[in-house]
Amino acid sequence: MKYLRAIAPVIKQYGWLHAVRLAINEGKHIAWNQAIRGSYSQHYEDLILDNIFQSQKEGLYLDIGCHEPMRINNTYRLYKKGWSGICVDASADYAKDFKTLRPRDAYVQVGIGKQTSSPMNFYEFSAPALSTFSPDLARQYQAQGHALVRTSQIPVITLSELCNKYVKETVIDLLCLDIEGYDLEALESLDWEKYKPRVICVETKPSGNIQEGSAGADHESIDSFLRKRGYKIHAH
């Protein structure tokens, strides 16, 4: 029913043909990725994480830019194994679903940035994965034809502040980060002397058809930042 409600604005904006293509891709994702391979991620990131953590039945994750609790989500497979954590998204749309499907997790509706600031504009698109705090990305997505649904004022805090409130002395097994153009700034906001996640899964390019040199940290910048803190690439 949820997907039926969601398809009407897709048809209105992109037309029937595109909506049918999306429906076919969604069917393939559910039938092959989820039902057969047991993966809920977009590109099998959760299977890679499963291989890293292997038989670890419990753990703590920070899922920043978590999006939906199950669909295209990198931590749901771990949740099913017994893990739990803090799931952060600037949208209020997923709070109820997280409470229903993932009651062990804490859902926090804030933005994560390089420093604490007064509420910032959060641009929410008809394709929710494109929603962003970046006005540059928002303009580019609109230029590509994506519909801006609403703009909300959302408080922004640092990763350190989030950890001080919710993590405290607990070891962070996984930091999953996907926040459309602000991933490097979020990494820069963490107190690396106090908190050092064992594994980091981070988006290195914003979603959508974005040109080189536009908003968003690139692979090299994030790679350099994390290598200086003792990390190395396991998969890409």
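Just so you know, all these numbers are worked out from the coordinates, no wet-lab data involved. For clarity, every value in this text was computed on a predicted model and none was experimentally measured. Note: ideal-geometry Cβ built from the backbone for every residue, glycine included; neighbour counts use all protein chains shown.
When region 64-90 is filtered for residues that are touching a Lys or Arg at 6+ places or on another chain (Cβ under 6 Å) and either within 14 Å of ALA106 (Cα to Cα) or part of a strand (DSSP E or B) (or both), the ones remaining, listed by number, are PRO69, TYR79, SER84. In this structure, LEU187 does not satisfy being outside any strand (DSSP E or B) and surrounded by fewer than 22 Cβ atoms within 10 Å (Cβ to Cβ).
Go through region 130-166 and report how many residues are of a type in the set (Gly, Ala, Ser), part of a helix (DSSP H, G or I) and touching a residue at least 24 places away in the same chain (Cβ under 8 Å).
1
Look at VAL110 and say whether it is of a type outside the set (Ser, Thr, Tyr) and within 15 Å of the chain's Cα centre (by Cα). Considered against the rule, which asks whether it is of a type outside the set (Ser, Thr, Tyr) and within 15 Å of the chain's Cα centre (by Cα), VAL110 comes out as yes.
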